Each structure stands twice: as structure tokens, then as C-alpha cells.
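What follows is a short report on a single structure.
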Amino acid sequence: MIKIDTTKASSFVDAALITRREKELVNLHSLLVNKTGKGNDFLGWVDLPASLDPAIVGRIKADAERIGKKSQLLVVIGIGGSYLGSRAVIDALAQPFSSLLKEKKFPFVVYAGENLSEDYHSGLLDLLDQYDYSVAVISKSGTTTEPAVAFRLIKSHMEKKYGKKEAADRIIAVTDAQRGALKNLAGKEGYSTYVIPDDVGGRYSVLTPVGLLPIAVAGFDIEKLLQGARDMRETCLASTDPEKNPAIKYAAIRNALYQNGKSVEIMVNYQPNLFYLAEWWKQLYGESEGKENKGIFPAGVGFTTDLHSMGQYIQEGVRMLFETTISVKNPGRELKVPFLQGDPDGLNFLEGRRLDEINHMAELGTLLAHVDGGVPNIRIEIEKLDEYTLGQLIYFFEFACALSGYLLGVNPFDQPGVEAYKKNMFALIGKPGFEEEGKRLREKLN
């Protein structure tokens, strides 16, 4: 089970304030569990680990096996919640250099449509010239610009490489059940499809086919992932005692720190393969809380790497920060420092000691230094990185995020601010119906 240590954060806040936040969260917990709060039409994720049809899980596993037999690569086309969740899990579990290993048991997952870079997508098409591949295109509407453009490019490439019929057999669409451009195209072209539930928003969708399909194709156990999420769901629903419910404990302390002027939360990891977990977390919290001129700004760093770049600012910069560290108790591999004749670097005192021990001491030393420098630290310890633990971690962060949004008084399940850049982009690229706005914007740019 996830363990949360807030002792190096609570000293920065009056205990009475933390207690008030915890008491407020008791009522908000009821709104979430009973689905009576803001955005309650997007609360399908609350019960998802327990309510997901086992037949869907079985079908995902069968499709993953089928893709693995015919493809060396799976291209996941999506943006935001349509790819970040699966990438977080896959990157956390995969061998860091799996794409270069000669023996590849499962397809390697690559991504498209999360940006509009011409060089990136040109390079991807060069790669797809050399490998057999399948596609999972993930979009509720099918009209979001970045993935829609990428799908046009890759669909065209597939049809030239394999022919229209074979290309259609290599494409799986994860989309709306009844409507939308992608749903219509899938019906016309004969693509295999999965449904994005109407009551689950993109950033909460990793435990739907949106995330489960790519994770299964990459060779990881989605049933263990779901079991971890189910067990965490039971914990989060069963009690409002902060000592028994880690989501309440986390939501309370971070919001107490926010009320005390700490407006930036930095997600810290000491394992490079957790980079995309932080990216997923950043979207989850940034898009859920950042409304009405409110919200904690989510950032991420990877230590010890970033101690040699961002460490100075964190130690001595503006005191608006607090850190939340994901601490992995037991790594998956063991590697010891060797003896070096003559001790030229002065490190023979480390001979025979595990890298993880040294990494852990760096973690503890950094925590103490930053606390001494005025940076509160929350520490989340997990036993190891596996599917079960990641399922727990995902559901924990989702539940705590919803509670935090309610504590701020915002709807944690919408994202009205995302549309602003889209309208300007449509106007500037000449989308029909945006001509006048395009003219106005070009005048502003001159």
C-alpha cells in the first residue's frame, strides 16, 4: 500500500489549518462518492476499476496478442489524456533501452499527434517505412487538430504500404460510442473500435481502453493494474480518516500549503522511468485545478539529474514551492559499484554498495537540504514499480485530485480554458467560419 509521510511538510503550516482542511474534505468526500458535486456527469472513473466489463479486458488482451503477431510497432495517436496515461505506465515498467534490444518480445509503442512538429512526424514516417506497424487512434471527437492531422498522415502512409483493406485491419479506433468524426470514419472503413465512456474525461481515462490497449500491447498485465486500482478505490471510499485514506491526507496537506502561500508543487522522482508519470500528473492536476484564477501550479523534476540544473533555484529561489517525492523502496534490478585500482576518483569507499543505496541517500540528503531551505516535502513511498502498484498510484492521484478541486471550489472535470488557443489557431490557419477573427488576430501580430 502507498505510504504518505507529511512530517516534513506539516511543520510549515499551523496544525489547526490542516485539521480544518481535513474536516472540509469529509463533506467533499461524500459529494464525490455519492456523485452529487460539481461535474458529477464525469464521475464514471470513480467506479471504473470495479465496473469495467471483464469481456472488454479479454478483448483488449486478444487484440494485443493479434497486434503483436503482425506488428513490430504500435503507433498511439492522441494528445493529453489520450496518450499520457498509457505512456506513464509503459515507460515506468519498460526496460529503459527496450527499443534498442535485439530480442523484442512485444511491439514497441511510439506516439504521434501529441504535437504539430513537421520534423517529428516526418521522422516517424521514416521509421514506419522500415517496420511493420499497427495504429491505435484515440479521440472522442476525431477532430482535435493535432491527432487528426497525424492520423491523416499515418493513414495515408499505411494505405500506400499495405493497401486499403490491410491498413484498415491494422487500425483500432478508441472513440465515442455513437457520434463524432472518428466514429463515423471507423464505421465506414471497418476499423475495430473501443468506446471511451461518456462519463469519463480524458485525463481520468487511463483505466479505460484508452490506456489499457497500448499498455497490453506493450506486454504489461492490465489485470494487475486494474486490481491495484480496485484495491485503492476500496481504501479511498471506505474511510474519511486521513490516517486510513491517503487521498484525503494528501489533498489536505497540499491545500493547507497552498493557503499558506505555496503555489507551486514539484513532483520529484529519483527514477528516470517515472518522467511520464509526472507528465500525466501535471495534466491531471493542472487541468483539473487551474480555473477561476485558482490552483496549485504542477511542475516536475527528475533527481539527481535536475539537482545539477534546477537544484539551485529550489534550494534558494522564491519560497513559493513545495515538493512531492515518489520514493521507490525496492528497484527491479541490482547493480553494485566495482573496485577501481588506484582509486583515481576517490570512490573506492563505495565498493560493493548498490547504486540504489547511494540514490536513496541522495534522496534523503536532498529532502533535508530543501526542508532546511524552506521547501516543504511530502513523501509518497511505494514498494516497487509494477502494474499493481501503478494501478494504486493512478487511482490515488485521481481521487485526491477530485477532492482537491472540490476544496478549491472549482469543477475538477471540465477544461474551459483549453479552447482559447484552439480558437486562435483555427482563425490563423484559415478554418472556414473564422475569417474575421483571423484578420483581427493577424493585425494584432503585426
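The values are calculated or read from the model by the stated rules, or taken from the named source; none is laboratory data. Computed from a prediction, not measured in an experiment: that's the story for all the values here. Note: ideal-geometry Cβ built from the backbone for every residue, glycine included; neighbour counts use all protein chains shown. Heavy atoms of the whole protein, side chains included, go into the accessibility calculation; ligands, DNA and RNA do not. Shrake-Rupley method; radii C 1.70, N 1.55, O 1.52, S 1.80 Å.
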Of all residues in segment 5-62 being of a type in the set (Asp, Glu) and not in a helix (DSSP H, G or I), the one that is most open to solvent (accessible area, probe 1.4 Å): Asp14
Considering every residue within segment 256-264, establish whether at least one is free of Cβ contacts under 8 Å to residues at least 40 places away in the same chain and over 15 Å from Glu323 (Cα atoms). no
Given the criteria in contact (Cβ under 8 Å) with a residue 60 or more places away in the chain, in contact with a Leu (Cβ under 6 Å, 6 or more places away or on another chain) and either open to solvent by less than 30 Å² (accessible area, probe 1.4 Å) or β-branched (Val, Ile, Thr) (or both), does Val109 qualify? yes
Pull up segment 198-218, narrow it to residues that are part of a loop (DSSP other than H, G, I, E, B) and open to solvent by less than 30 Å² (accessible area, probe 1.4 Å), then point me to the one that is nearest to Lys35 (Cα to Cα). Val200
Selection within segment 328-363 - in contact with a Lys or Arg (Cβ under 6 Å, 6 or more places away or on another chain) and surrounded by 14 or more Cβ atoms within 10 Å (Cβ to Cβ): Val337, Arg354
Test for Ser98: is it under 21 Å from the mean Cα position of the chain (by Cα) and open to solvent by less than 20 Å² (accessible area, probe 1.4 Å): no
Condition test on Tyr270, is it surrounded by 13 or more Cβ atoms within 10 Å (Cβ to Cβ), in contact with a helix residue (DSSP H, G or I) (Cβ under 7 Å, 6 or more places away or on another chain), among the hydroxyl-bearing types (Ser, Thr, Tyr) and farther than 30 Å from Arg20 by Cα? yes
Take the residues of segment 165-188 that are open to solvent by 30 Å² or more (accessible area, probe 1.4 Å) and touching a residue at least 24 places away in the same chain (Cβ under 8 Å): which is nearest to Arg59 (Cα to Cα)? Lys183
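Inspect segment 256-269 for any residue being among the aliphatic types (A, V, I, L, M) and in a helix (DSSP H, G or I) and give the result as yes or no.
Yes, segment 256-269 has at least one match.
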Test: Ala50 is without any contact (Cβ under 8 Å) to a residue 40 or more places away in the chain and either of a type in the set (A, V, I, L, M) or touching a Lys or Arg at 6+ places or on another chain (Cβ under 9 Å) (or both): no
